[in-house]
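So the structure is just underneath, and the comments pick up after that.
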Amino acid sequence: MIHEFARLDSTQTKAKELIESKSAAIGDVVWAHEQLAGRGRGNHQWHAQAGSSLTCTFIAPSISHGQPPLSLVVGALLAQAFSQLDTNTESIKIKWPNDLYYQGKKLGGILIENTQNYSLIGIGINIKYTESLEHLEATALDKVYTSPLINISSILEEVTQALSPILTNFDNLSTIWKPCHTYIESNQLYLNQLVMLNSGNEQIQGVIKGINEQGALLVATKNTEQEKGLRTIIQASMIRPVTG
Ligand code: BTN
């Protein structure tokens, strides 16, 4: 069931309220045409101009330990679906662990929030290119497709279809994870590039070498190169390329 609202602070917050009041259940999606206080990962905000982006939250079962990272599974499913809509497009890249990029600019973000009883999959996709995106160094789906017929509700349908394997097979994400892992291996932003990243209290400089079987980021740093190994990063709050 789709819970559709003209305006909300955050679809994540609304989804929690609806679940708590038993007005929404697993499998439902909360969609706002305008979102006033969208949340991103960490302390980030998600800015969206009214009518220019898809902002929605899918309600999924709670994720158990040992499952592959949901943000990467969702990101890879969406990137593949969007890349297939128009065969002329360059592929959509995954910026580990939760962003979609196109031609080096942010196209969308995923926010996973877990509770004991359910997981919220928050999705924000820029659909129409507006001037405010230019200032944010971001892009939109209407820059990806040559077709002028892009509208937010049809993209919500695409997203729902792309995510249906997750919602119907949530206990066994590992089968869905394999092709997602393969997609990310060849479409990871900053692959083989020198980046600076924040991990815990540390700032690490190194070259991104991919992801491991569990979805952790693999980075070659000066130290690990001497040891002929790679450093595994499980959490990072910021990754940016080191230029020059
Ligand atoms: C990020 O870029 O860090 C993730 C952004 C996630 C934004 C979406 S928009 C719909 C849902 N509701 C929110 O408040 N946030 C997510």
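Summary of values
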quantity: Residue satisfying all of: in the stretch 14-33; crowded, with 16+ Cβ neighbours inside 10 Å and more than 18 Å from THR160 (Cβ to Cβ); farthest from the ligand (Cβ to nearest atom) among these; calculated: ILE19
quantity: Qualifying residue in the stretch 74-87 (condition: open to solvent by 20 Å² or more (accessible area, probe 1.4 Å), of a type in the set (Val, Ile, Thr) and assigned to a loop (DSSP other than H, G, I, E, B)); calculated: yes
quantity: Residue within the stretch 112-122 that is open to solvent by 30 Å² or more (accessible area, probe 1.4 Å), of a type in the set (A, V, I, L, M) and not assigned by TED's automatic domain parsing to the domain that holds THR232 present; calculated: yes
quantity: Residue tally, condition open to solvent by 10 Å² or more (accessible area, probe 1.4 Å) and either in contact (Cβ under 8 Å) with a residue 60 or more places away in the chain or over 21 Å from PRO68 (Cβ atoms) (or both), over the stretch 212-234; calculated: 10
quantity: Matching residues, the stretch 34-57, being within 12 Å of the ligand (Cβ to nearest atom), surrounded by fewer than 13 Cβ atoms within 10 Å (Cβ to Cβ) and either not assigned by TED's automatic domain parsing to the domain that holds LYS128 or not polar (S, T, N, Q) (or both); calculated: LEU36, ALA37, GLY42
quantity: Residue ranges of strands (runs of 3 or more DSSP E) in the stretch 98-150 with at least 3 members in contact (Cβ under 8 Å) with a residue 60 or more places away in the chain; calculated: 105-114, 118-126
quantity: Selection from the stretch 124-135 of residues that are under 22 Å from ARG240 (Cα atoms) and either open to solvent by less than 20 Å² (accessible area, probe 1.4 Å) or within 11 Å of the ligand (Cβ to nearest atom) (or both); calculated: GLY124, ILE125, ASN126, LEU133
quantity: Residue check for THR224: under 24 Å from GLY104 (Cβ atoms) and not in a strand (DSSP E or B); calculated: no
quantity: Filter result (open to solvent by 40 Å² or more (accessible area, probe 1.4 Å) and either in the same structural domain as SER71 (by TED's automatic domain parsing) or not charged (D, E, K, R) (or both)) within the stretch 199-211; calculated: GLY200, ASN201, GLN203, GLN205
quantity: Some residue of the stretch 91-101 being within 21 Å of LYS143 (Cβ to Cβ), touching a helix residue (DSSP H, G or I) at 6+ places or on another chain (Cβ under 8 Å), open to solvent by 20 Å² or more (accessible area, probe 1.4 Å) and away from the ligand (no atom under 16 Å from the Cβ); calculated: yes
quantity: Those residues of the stretch 45-73 which are more than 17 Å from the chain's Cα centre (by Cα) and outside any loop (DSSP other than H, G, I, E, B), in sequence order; calculated: PRO61
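For (1) open to solvent by 10 Å² or more (accessible area, probe 1.4 Å); (2) out of contact with any Lys or Arg (no Cβ under 8 Å at 6 or more places or on another chain), each residue gets a yes or a no:
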{"site": "ALA140", "(1), (2)": "no, no"}
{"site": "LYS143", "(1), (2)": "yes, yes"}
{"site": "SER153", "(1), (2)": "yes, yes"}
{"site": "LEU163", "(1), (2)": "no, yes"}
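The values are calculated or read from the model by the stated rules, or taken from the named source; none is laboratory data. All figures in this text were calculated on a predicted structure; none of them were measured in a lab. Note that we place each Cβ from the backbone using ideal geometry, even for glycine, and neighbour counts take in every protein chain shown. To get the accessible areas, we keep the full protein, side chains included, count just its heavy atoms, and leave off ligands, DNA and RNA. Shrake-Rupley method; radii C 1.70, N 1.55, O 1.52, S 1.80 Å.
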